[in-house]
Amino acid sequence: MNRTDPLVLGIETSCDETGIGIVRGTRLLSNTIASSMDEHARYGGVVPEVAARAHLDELVPAITAAVAEAGIRLDDVDAIAVTSGPGLSGALMVGVGAAKALALALNKPIYAVNHLVGHVGADLLRTGTDDAEEPLEYPTIALLVSGGHTSLLLVRDLTSDVELLGETIDDAAGEAFDKVARVLGMPYPGGPHIDAAALTGDPGAIRFPRGLSKQKDMAQHRYDFSFSGLKTSVARWVEQHEDAGQPVPINDVAASFREAVVDILLTKAVAACVAYDVPRLLLGGGVIANRRLREVAAERADAAGIVLRIPPLSLCTDNGAMIAALGAQLIMAGHEPSSLDFGADSTLPVSEIQV
């Protein structure tokens with residue numbers, strides 16, 4: 001196996017995106033994503049059984065498309081990488097089963113990896129011929145924000161030392177966006193619609209609560225997040241105005257809610273950078289597409305002397321390229337392949353980088 005510049009095919013099926021990516025070392029060759037989002041929209045959220053069935057339908061076409069885009073043959077790959085967890089059990093099982101079948105059929109080694117650590121690995125990928133951008137330095141603080149996860153990590157080494165500093169204790173940030181959007185009469189997924197409405201709203205119009213930010217929370221939840229109370233506060237505020245026969249200023253509500261989410265995410269992320277003396281912050285996950293989050297992150301990082309890194313938005317959402325990238329890093333670091341007895345682990349801890 002080529003351990004210097006390995007050609008790796010990555011499979012990601014932890015939620016509602018069927019992602020197939022192919023990388024050669026840190027060079028991105030293809031990134032194919034088939035999303036079942038439209039199928040979930042009628043239910044107002046991701047339905048695990050629907051997601052798993054969609055993966056079954058989309059995996060083979062996605063692999064075929066990725067291989068064609070990369071300009072390789074399937075048996076050219078040095079290894080297969082696959083998300084083992086965390087995520088939706090049924091969805092994960094589809095990807096794990098497909099990866100094992102490919103590994104056996106092609107007689108290739110397999111690397112079962114952690115989905116969350118994969119988001120950090122996405123930052124290593126180069127999409128063009130210019131490698132002038134500075135490589136990711138360690139240690140770094142990583143803030144991962146999506147529909148299913150909100151996590152703050154201390155990454156000392158991508159392939160061997162990742163520590164969970166904090167995570168949401170209830171709703172993920174993306175989930176809160178979806179639920180608040182529903183309260184405001186907006187369709188699923190809620191993030192883009194709230195972002196659009198907030199453009200003409202006043203972020204200071206309503207002071208919504210910032211969960212787990214009081215002094216009494218610092219002992220146990222210094223770097224943890226909570227969005228359930230924020231979501232409920234928005235719902236009660238809207239309900240009170242409707243009961244009083246007052247118009248609901250949708251744009252102001254959207255902007256104020258978004259500001260509360262952005263504020264608590266970045267307050268804790270910057271605090272972690274300062275406390276651990278790590279002047280580097282990496283953002284990842286689908287919610288990073290939120291323009292206000294990126295703007296405030298840049299402002300606060302600059303003010304604190306922190307280097308901010310944000311992968312291309314196409315690599316922030318769930319994708320197979322980030323899984324292939326992590327697999328390639330493990331190979332180049334000399335890690336042995338996974339055995340075939342691993343399974344899907346919906347609660348895989350972030351400290352388990354490879355299974």
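The values are calculated or read from the model by the stated rules, or taken from the named source; none is laboratory data. This is a predicted model, so every value here is computed, not measured. Note that we place each Cβ from the backbone using ideal geometry, even for glycine, and neighbour counts take in every protein chain shown. Protein only, heavy atoms only, side chains kept; ligands, DNA and RNA dropped before computing areas. Shrake-Rupley method; radii C 1.70, N 1.55, O 1.52, S 1.80 Å.
What to note about this one:
- Single residue of the stretch 79-97 satisfying the filter (in a strand (DSSP E or B) and of a type in the set (Val, Ile, Thr)) that is surrounded by the fewest Cβ atoms within 10 Å (Cβ to Cβ): ILE80
- Failed item in (1) within 27 Å of VAL23 (Cβ to Cβ); (2) in contact with a helix residue (DSSP H, G or I) (Cβ under 8 Å, 6 or more places away or on another chain); (3) of a type in the set (A, V, I, L, M, F, W, C), with VAL261 passing the rest: (1)
- Selected residue (only one of ALA325, ALA244, ALA298 is in contact with a Leu (Cβ under 9 Å, 6 or more places away or on another chain) and assigned by the TED database to the domain that holds TYR223): ALA298
- Restricting attention to the stretch 22-45, the residues that are open to solvent by 50 Å² or more (accessible area, probe 1.4 Å), over 17 Å from PRO312 (Cα atoms) and in a loop (DSSP other than H, G, I, E, B) total 2.
- In the stretch 223-243, the residues that are part of a helix (DSSP H, G or I) and touching a residue at least 12 places away in the same chain (Cβ under 8 Å): SER228, GLY229, LEU230, LYS231, SER233, VAL234, ALA235, TRP237, VAL238
- Any pair with Cβ under 8 angstrom, 6 or more apart, that starts in the stretch 195-209 at a residue that is under 9 Å from ALA254 (Cα atoms) and ends at one that is open to solvent by less than 60 Å² (accessible area, probe 1.4 Å) and basic (Lys, Arg): ASP195/ARG258; ASP195/ARG292; ALA198/ARG258; ALA198/ARG292; PRO203/ARG258; PRO203/ARG292
- Being in a helix (DSSP H, G or I) and either on the phi < 0 side of the Ramachandran plot or touching a helix residue (DSSP H, G or I) at 6+ places or on another chain (Cβ under 6 Å) (or both) is not true of GLY19.
- Among the conditions (1) open to solvent by less than 60 Å² (accessible area, probe 1.4 Å); (2) over 20 Å from LEU143 (Cβ atoms); (3) not β-branched (Val, Ile, Thr), the only one that GLU239 does not satisfy is (1).
- Pairing each residue of the stretch 132-154 that is without any contact (Cβ under 8 Å) to a residue 60 or more places away in the chain with any residue that is open to solvent by less than 20 Å² (accessible area, probe 1.4 Å), provided the two are 6+ apart or on different chains, yields C-beta distances under 7 Å for TYR138/VAL155.
- Given (1) under 20 Å from PRO109 (Cβ atoms); (2) in contact with an Asp or Glu (Cβ under 9 Å, 6 or more places away or on another chain); (3) in a helix (DSSP H, G or I), index of the condition ALA66 fails: (2)
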